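Remarks on the structure that follows.
The values are calculated or read from the model by the stated rules, or taken from the named source; none is laboratory data. Just so it is clear, the structure is predicted and the values come from calculations on it, not from any experiment. Neighbour counts run over all protein chains shown; Cβ positions are idealised from the backbone, glycine included. Side chains included, ligands, DNA and RNA excluded: accessible areas come from the protein's heavy atoms. Shrake-Rupley method; radii C 1.70, N 1.55, O 1.52, S 1.80 Å.
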Amino acid sequence: EPRPPYRLPELLAARPDTPIVVVEGEKVAEAARSCGLLATTSAGGAQAARKTDWGPLRQRQVIVLPDNDEAGWRYADDVTHLAYAAGAKDVRILRLAKFASKLPQGGDLADVLADERWCGLPLGDTATPKDLGRWILATAAGIEPWMPESVELLDWKPYPVDALPEPFQAFVQETARAIGCNETYVAL
């Protein structure tokens, strides 16, 4: 521990502006991938979210697709807290049951894919899994990012450059001025 998230190499290789979809379990992650989504889950399922290294979510948009049950909501809550703690740009929770009237209790994205009527999602009869993926991204984009109240974002405090020895202090100041960034970044 911490364990790597499922399909870590794909997460690291993906463009930074590609949203990462977090689901509950490898089977559902594979279902999301078949929809053209960049998907992952915690190693070990819903009970192991806290045992996973969510660092690859740093500065990324995250979409959580919880299962349609209480355990799914707890998992979504855990992942949201952990994603923000890892530095995620924003996290949106897309509850499929809100849009899929026929999604069974405990159902998930794999169940939507297996159903010829998409569990009641507003997709046509000729829709494909890729259409479902586009619908997920578009619908999630319209949801406000969820910010748990208990997540405390750290206040940014500049590095005390004046505490550095003189030769380093001058180097940091001149380098920061030359590349146009805050002195803190160069000092660190």
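With helices as the sole contributors, the chain gives -10500 deg cm²/dmol at 222 nm; each DSSP H run of n ≥ 4 counts as -39500 (n - 2.57), and the sum is divided by every residue. Rounded to two decimals, the Cα-based Rg/Rh of the range 1-112, with Kirkwood Rh, is 0.93. Of the listed residues SER42, SER34, SER101, the order by accessible area with a 1.4 Å probe, largest first, is SER101, SER34, SER42. Listed by chain and number, the lysines whose C-alpha is less than 30 Å from the C-alpha of LYS51, apart from same-chain residues fewer than 8 away, are LYS27, LYS89, LYS98, LYS157. Near the amide H of LEU38, within less than 5 Å, lie the amide hydrogens of VAL21, all on another chain or at least 5 residues away, with H placed in the peptide plane. Overall, the chain carries a charge dipole of about 380 debye about its Cα centre when +1 sits on the Cβ of Lys and Arg and -1 on the Cβ of Asp and Glu, all other atoms neutral.
Find out how many positive minus negative residues lie around ASP125, taking Lys and Arg as positive, Asp and Glu as negative, among other residues whose Cβ is under 14 Å from that of ASP125. Neighbourhood net charge equals -2. Ignoring ligands, DNA and RNA, what percent of the 1.4 Å accessible area of the range 79-188 is carbon and sulfur? On the range 79-188, the fraction of accessible area on carbon and sulfur atoms equals 54 percent. Surface analysis of the chain yields an accessible area of 56 Å² per residue, using protein heavy atoms and a 1.4 Å probe.
Kirkwood-based Rg over Rh for the range 38-188 (C-alpha set), two decimals? Using only Cα positions, Rg/Rh for the range 38-188 is 1.18.
Ranking VAL79, PRO145, PHE99 by Cα position along the charge dipole of the range 54-188, where only Lys, Arg, Asp and Glu carry charges on their C-beta atoms, puts PHE99 farthest toward the positive end. Evaluated at q = 0.12, 0.16, 0.19, 0.23 Å⁻¹, a Debye calculation over the C-alpha positions of the range 1-66 (equal weights, vacuum) places log10 I(q)/I(0) at -0.24, -0.44, -0.64, -0.95.
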